[in-house]
Amino acid sequence: MKQYDVVVVGKGNAALCAALAARDAGASVAMLEVAPEEESGGNSRFAGGVMRFAYSSVEDLKRVTDLTDAEVAGSDFGTNTTDEYFDDLFRLTSFRTDPVLSEMLVKQSLDIMVWLRSKGVKFVPNFGRQSAPVNGKRKFFGRLPIEVSGGGPGLVQALDKAVAAAGVEVFYSTRAKRLVQEGDRVVGVSASQAGKAVEFRGKAVVLACGGFEANPEMRARYLGPGWELAKVRGTRFNQGDGLKMALDIGAAPYGNWSGAHATGWDLNAPEFGDIHVGDQFQKHSYIFGLLINADGKRFVDEGADFHSFTYAKYGGEVLKQPGQFAWQVFDAKVTKLLRPEYRMKMMTRVTANTLEELAGKLEGVNGKAFLETVRAYNASIQKHVPFEHTVKDGRGTMGIDPPKSNWAQALDTPPFEGYATTCGITFTFGGLRIDPSNGQVLDVTMTPIPGLYCAGEMVGGLYYFNYASGTGLVSGALFGRLAGTGAARS
Ligand SMILES: Cc1cc2nc3c(=O)[nH]c(=O)nc-3n(C[C@H](O)[C@H](O)[C@H](O)COP(=O)(O)OP(=O)(O)OC[C@H]3O[C@@H](n4cnc5c(N)ncnc54)[C@H](O)[C@@H]3O)c2cc1C
């Protein structure tokens with residue numbers, strides 16, 4: 001048996017932040033990571049690393065990253081004021097997001113970025129993905145001007161370094177299986193290490209071991225039929241263990257248990273994420289093209305909003321289509337706007353010089369119906385509205401269902417490109433109910449469970465139906481710090 005003040009389960013962003021905060025509060029800390037060291041770091045290590053936080057000026061951004069005078073003069077960073085952040089969260093979650101948790105996220109998001117920086121995480125302007133030159137300046141759009149240097153791997157590497165320097169003990173290949181209680185109080189975790197049972201005792205336990213996205217049985221059970229067929233974008237280790245352990249001792253489930261973050265993902269990507277490929281199987285440039293199902297039909301408004309505000313629910317829409325796939329199709333007018341990952345060799349791509357040739361190459365698609373869909377779409381475009389990809393340009397369609405609300409351009413200029421996608425699940429929305437003052441897990445009677453805290457994907461109540469890109473890492477750090485501090489003081 002091993003004894004610590006705080007036992008943290010997991011070693012992703014939320015767990016690492018919890019461990020650091022607990023050490024800052026003077027606690028001795030053990031971290032249990034089910035993965036071997038080379039596969040450790042959870043979904044956090046697969047992340048692209050964009051961070052959504054509230055800022056209203058360049059001065060706010062300068063608290064997070066070093067900006068040269070030339071970068072400031074040459075950029076239009078826009079804003080993501082607290083009001084804009086609230087509006088996005090409320091709109092995307094149909095006003096279901098927990099008011100207290102979302103207020104904490106929005107109002108403390110800048111502060112947690114500054115805290116992460118103080119722990120050695122380096123942030124840089126997001127020049128690569130959400131910005132473009134406009135009128136001589138680099139204009140940022142989607143309210144996401146900052147990312148972690150080195151993406152998710154860079155974040156985990158920096159936090160790994162910080163926990164090592166802080167004297168946190170990390171146990172790899174150690175799977176937490178059960179919470180140990182004395183009376184009602186959680187006093188440790190029973191784990192398995194190389195086939196042997198080991199007990200880690202602590203005054204408090206922080207569960208930060210992800211959702212159930214990698215567990216097909218739980219996906220089918222909670223998200224619904226068909227979800228077992230989704231590919232997993234990130235780690236294979238988030239099997240819902242922490243949620244099960246907590247529910248087993250009476251923790252209160254909270255949030256959108258039938259909801260998940262899921263995106264378009266290469267049809268032939270492996271079953272789980274590949275750490276060497278990271279997030280590169282994603283296909284977020286559909287806003288400039290059309291999404292076509294096996295029946296040759298469109299099924300969503302591709303241009304409803306910037307991808308940041310639709311991508312997390314469109315994966316689920318692809319899963320609902322016959323055969324669970326969709327082709328993204330583009331013409332030569334927009335291929336230069338496609339994100340760099342579209343150019344990777346391993347993508348499932350076809351090219352054609354005519355629409356008829358393309359129709360024949362979109363495997364599994366009714367080609368005749370596809371050509372009819374394109375004809376009707378091309379005829380429906382409001383051509384008098386100029387195309388402008390850095391704003392919601394309002395260049396939409398008339399008289400077709402579903403409409404395309406922005407960035408509608410005729411598919412008429414060869415060569416054409418098609419990309420086969422399926423649904424890639426990122427993480428699940430359902431989680432546990434916490435006390436927002438300290439991250440402590442509540443039981444089904446809304447009473448705090450002594451000694452039990454949680455963070456990251458395991459916190460329920462923030463996301464319903466949809467999600468704004470870049471929120472997961474910020475909320476993981478924020479609620480990780482809260483839970484680590486709470487656990488150390490318990
Ligand atoms: C491809 C991809 C791209 C993404 N891009 C972004 C982005 O750009 N910006 C953003 O904000 N978010 C992004 N996300 C979402 C973000 O990565 C997650 O929201 C966040 O990493 C979750 O952090 P976490 O600490 O809760 O979970 P994780 O980072 O998944 O950590 C969970 C940890 O628990 C461990 N674990 C699981 N079960 C056990 C057990 N029984 N015992 C011990 N350990 C266990 C796992 O091995 C892992 O270490 C992305 C996700 C993916 C998959």
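The values are calculated or read from the model by the stated rules, or taken from the named source; none is laboratory data. From a predicted model like this one, the values you see are computed outputs, not experimental measurements. Quick reminder, even Gly has a Cβ in these numbers, built from the backbone with ideal geometry, and neighbours come from all protein chains shown. The accessibility values were calculated without ligands, DNA or RNA, using every heavy atom of the protein model including side chains. Shrake-Rupley method; radii C 1.70, N 1.55, O 1.52, S 1.80 Å.
Rounded to the nearest 20 debye, what is the charge dipole size of region 68-193 about its Cα centre when +1 sits on each Lys and Arg Cβ and -1 on each Asp and Glu Cβ?
Roughly 420 debye for region 68-193.
Between Arg236 and Lys2, what FRET efficiency follows from the Cβ-Cβ distance if R0 is 25 Å, with the result rounded to 0.05? Don't skip to the end; give the middle numbers.
Values: r = 26 Å, r/R0 = 1.06.
Approximately 0.40, to the nearest 0.05.
Using Cα pairs closer than 8 Å and at least 6 residues apart in sequence, work out the relative contact order for region 77-148, in percent. Don't jump to the answer; show the numbers that get you there.
Values: 53 pairs, mean separation 25.6, N = 72.
This gives 36 percent for region 77-148.
Please state the charge dipole magnitude for the chain, taken about the Cα centre, from unit charges on C-beta atoms (+1 on K and R, -1 on D and E), reported in debye and rounded to the nearest 20. Walk me through the numbers on the way to the answer.
Numbers: 53 positive and 53 negative charges, 56 e Å.
Rounded to the nearest 20 debye, it is 260 debye.
Which value, in Å³ per residue, describes the convex hull spanned by the Cα atoms of region 47-169? Don't skip to the answer; put the middle values down first.
Numbers: hull volume 15.1 nm³, N = 123.
Output value, Cα hull per residue: 123 Å³.
Before I look further, what does region 1-110 give for accessible area per residue, probe 1.4 Å, in whole square angstrom? Walk me through the numbers before you get to the answer.
Numbers: 4240 Å² over 110 residues.
On a per-residue basis, region 1-110 sits at 39 Å².
Over region 3-48, how many percent of alpha carbon pairs lie in each 5 Å bin up to the one with the longest distance?
Percent of Cα pairs in each bin: 6, 24, 28, 21, 14, 6, 1, 0.
Does region 275-379 come out rounded, prolate or oblate, given a ≥ b ≥ c as the square roots of the eigenvalues of its C-alpha gyration tensor, rounded meaning a/c under 1.5 and, failing that, prolate meaning a/b above b/c? All intermediate terms of the calculation are to be shown ahead of the outcome.
Values: a/c = 1.45, a/b = 1.29, b/c = 1.13.
Rounded is the answer for region 275-379, as its axis ratio a/c remains below 1.5.
So which of Lys107/Lys404; Lys231/Lys283; Lys368/Lys404; Lys361/Lys392; Lys122/Lys177 end up more than 24 Å apart, counting from Cα to Cα?
Details: Lys107/Lys404 34 Å; Lys231/Lys283 14 Å; Lys368/Lys404 21 Å; Lys361/Lys392 31 Å; Lys122/Lys177 34 Å.
Distance filter (> 24 Å) returns Lys107/Lys404; Lys361/Lys392; Lys122/Lys177.
Provide the packing ranking of 407-418, 287-298, i.e. peptides ordered by the mean count of other C-beta atoms within 10 Å per residue, highest first. Don't skip to the answer; put the middle values down first.
On the way: 407-418: 19.1, 287-298: 22.1.
Highest-to-lowest ranking by the protection proxy: 287-298, 407-418.
With r as the distance between the Cβ atoms of Arg185 and Glu388 and R0 = 56 Å, compute the FRET efficiency 1/(1 + (r/R0)^6) and round to 0.05. Walk me through the intermediate numbers first.
On the way: r = 59 Å, r/R0 = 1.06.
Approximately 0.40, to the nearest 0.05.
Among Leu290, Val206, Ile381, whose Cα lies farthest out toward the positive end of the dipole of the chain, if unit charges sit on the beta carbon of Lys, Arg (+1) and Asp, Glu (-1)?
Sorting the options by dipole projection puts first Val206.
Once you have the alpha carbon radius of gyration of region 258-337, what is it after dividing by 2.2 N^0.38 Å, with N set to its residue count? Each step should come with its number before you reach the end.
Values: Rg = 12.7 Å, N = 80, 2.2 N^0.38 = 11.6 Å.
In units of the 2.2 N^0.38 Å rule of thumb, it is 1.09.
Which residues among region 400-429 fall inside the zone where the amide N is under 17 Å from a point 7 Å beyond the Cα of Ser94, along Cα→Cβ?
429, by backbone N distance to the label point.
If packing is taken as the average count of other Cβ atoms within 10 Å, what order do 154-160, 84-90, 387-393 fall into, highest mean first?
Working: 154-160: 22.0, 84-90: 18.4, 387-393: 15.4.
So the peptides 154-160, 84-90, 387-393, ranked by packing, come out 154-160, 84-90, 387-393.
How large is the helix-only mean residue ellipticity at 222 nm for the chain, computed as the sum of -39500 (n - 2.57) over DSSP H runs with n ≥ 4, divided by its residue count, in deg cm²/dmol to the nearest 500? List each step's numbers first, then the result.
Numbers: 11 runs with 126 residues, N = 490.
One gets -8000 deg cm²/dmol as the mean residue ellipticity at 222 nm.
Taking 0.36 nm per residue of sequence separation and subtracting the Cα-Cα distance, how much length would be gained by fully extending the chain between Arg221 and Lys361, in nm to one decimal? Could you put the intermediate results ahead of the total?
Numbers: separation 140, 0.36 × 140 = 50.40 nm, distance 3.58 nm.
Taking Arg221 through Lys361 to full extension adds about 46.8 nm, to one decimal.
Around Gly451, which amide H atoms from residues at least 5 apart in sequence, or from another chain, sit under 5 Å from its own amide H, with H modelled in the peptide plane?
Counting only residues 5 or more places away or on other chains, the set is Val186.
State the percentage of accessible surface on the chain attributable to carbon and sulfur atoms; use a 1.4 Å probe and exclude ligands, DNA and RNA. Mind showing how you got there, number by number?
Details: 9360 of 18410 Å².
Carbon and sulfur together cover 51 percent of it.
On a full-extension model of 0.36 nm per residue, what is the gain between Asp87 and Thr413, subtracting their alpha-carbon distance, rounded to one decimal in nm? All intermediate terms of the calculation are to be shown ahead of the outcome.
On the way: separation 326, 0.36 × 326 = 117.36 nm, distance 3.77 nm.
Computed gain between Asp87 and Thr413 is 113.6 nm.
With the cut-off at 1.5 for a/c, could you classify region 341-416 from its C-alpha gyration tensor as rounded, prolate or oblate? Before the final figure, lay out the partial values.
Values: a/c = 2.23, a/b = 1.37, b/c = 1.63.
Oblate shape, in that a/c is at least 1.5 and b/c is the bigger or equal ratio.
Could you sort the peptides 455-464, 263-272 by per-residue average Cβ neighbour count (10 Å cutoff), highest mean leading?
On the way: 455-464: 29.6, 263-272: 20.0.
So the order, starting with the most tightly packed, is 455-464, 263-272.
For Asn135, put the label point 7 Å out on the Cα→Cβ axis and report which residues of region 52-92 keep their amide N under 12 Å from it.
Flagged as within label range: 76.
Could you derive backbone 3J(HN,Hα) for region 381-398 from the dihedral phi with the Karplus parameters 6.51, -1.76 and 1.60 (θ = phi - 60°), listing whole Hz in sequence and x where the residue is Gly or Pro?
6, 7, 5, 6, 8, x, 7, 8, 7, 8, 9, 6, 7, x, 7, x, 10, 10
Would you mind classifying region 109-247 by shape? Square roots of the alpha carbon gyration tensor eigenvalues, ordered a ≥ b ≥ c; an a/c under 1.5 is rounded, otherwise it is prolate if a/b is larger than b/c and oblate if not. Mind showing how you got there, number by number?
Values: a/c = 2.66, a/b = 1.54, b/c = 1.72.
Here region 109-247 falls in the oblate category.
Can you tell me the relative contact order of the chain? Whole percent, Cα pairs under 8 Å, sequence separation 6 or more. Kindly include the intermediate steps, with their values, before the conclusion.
Details: 1232 pairs, mean separation 117.4, N = 490.
24 percent.
Only loop residues by DSSP count here, and only those with at most 16 other Cβ atoms within 10 Å; note down the trypsin sites (Lys or Arg not before Pro) in region 226-294 that meet that.
On the way: sites: Lys231, Arg233, Arg236, Lys244, Lys283; in loops: Arg233, Arg236, Lys283.
Filter output for region 226-294: Arg236.
May I ask what percent, to the nearest 5, of DSSP beta bridges between residues of the chain are antiparallel?
Restricted to the chain, the bridges split so that about 70 percent are antiparallel.
Between Val198 and residues 5 or more places away or on another chain, which pairs have amide H atoms under 5 Å apart, with H built 1.01 Å from N, and which residues are they?
Ala191, Ser192, Gln193
When each pair of different Cα atoms in the chain is counted once in the 1/r mean, what is the Kirkwood radius in angstroms, to one decimal? Write down the numbers at each step before the final one.
Details: mean 1/r = 0.0432 Å⁻¹.
Radius from the Kirkwood sum: 23.1 Å.
For Lys336 and Lys320 in the same chain, what is the full-extension length gain: residue separation times 0.36 nm, less their Cα-Cα distance, in nm?
Numbers: separation 16, 0.36 × 16 = 5.76 nm, distance 2.98 nm.
Separation in residues times 0.36 nm, less the Cα-Cα distance, equals 2.8 nm.
Ignoring ligands, DNA and RNA, what accessible area per residue does region 358-423 give at 1.4 Å, in Å²? Walk me through the numbers on the way to the answer.
On the way: 2960 Å² over 66 residues.
I get 45 Å² per residue for region 358-423.
In debye, nearest 20: dipole of region 324-377 around its Cα centre with unit charges on the Cβ of K, R (+) and D, E (-)? Numbers along the way, then the final one.
On the way: 9 positive and 6 negative charges, 54 e Å.
In debye, rounded to 20, region 324-377 gives about 260.
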